[in-house]
Amino acid sequence: MAIETFSWPTQIQAGMQGEYTTTVRRAKFGDGYEQVAADGINPETQSWPVTMSGSNDEMLAVLAFVRRHVTKSFIWTAPNGETSLWRVDPESIRSAPLSRNAMTINATFKQAYAP
């Protein structure tokens, strides 16, 4: 099965920030020395909050896509220009009507390392 690509435009908002998290292992010694090493082969992950607005028909397609990709990876280019695999944080999916014919979808994309 082919990996899908998220191709809808996302809104860049003032204050939008990507989050970079690095998992490390630490060993502290009595003399104040601390040894730090990356934990695993992919210790750094990114996450980006995304917002999309448009017609109900288009946003229902986006909503179906993000709900489908909670456990399945997709290809996306983050606002910082990096293209990689992503999944949707299942607790971040929100939809809000703007009018009778338009809505906004919010979700957080988290970097993934396997389909």
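The values are calculated or read from the model by the stated rules, or taken from the named source; none is laboratory data. Computed from a predicted structure; not experimentally measured. In this analysis, Cβ positions are derived from the backbone assuming ideal geometry, glycine residues included, and neighbour counts consider all displayed protein chains. Side chains included, ligands, DNA and RNA excluded: accessible areas come from the protein's heavy atoms. Shrake-Rupley method; radii C 1.70, N 1.55, O 1.52, S 1.80 Å.
Considering only residues in region 79-115 that are of a type in the set (D, E, K, R), assigned to a strand (DSSP E or B) and within 14 Å of THR45 (Cβ to Cβ), the one that is least open to solvent (accessible area, probe 1.4 Å) turns out to be ARG87. Restricting region 33-78 to residues that are farther than 14 Å from THR10 by Cα and of a type in the set (D, E, K, R) leaves a set whose member that is most open to solvent (accessible area, probe 1.4 Å) is ARG67. From the list VAL36, VAL50, VAL62, the one residue that fits, being aliphatic (A, V, I, L, M), touching a residue at least 24 places away in the same chain (Cβ under 8 Å) and more than 20 Å from GLU82 (Cβ to Cβ), is VAL62.
Quick one: is ASN106 more than 16 Å from the chain's Cα centre (by Cα) and either under 23 Å from GLY15 (Cβ atoms) or not charged (D, E, K, R) (or both)?
no
A residue that is modelled with pLDDT under 95, in contact with a Lys or Arg (Cβ under 9 Å, 6 or more places away or on another chain), among the charged types (D, E, K, R) and farther than 14 Å from GLN111 by Cα occurs nowhere in region 16-30. Scanning region 19-29 for residues that are out of contact with any Pro (no Cβ under 7 Å at 6 or more places or on another chain) and surrounded by 11 or more Cβ atoms within 10 Å (Cβ to Cβ), we see that the one that is nearest to ARG67 (Cα to Cα) is GLU19.
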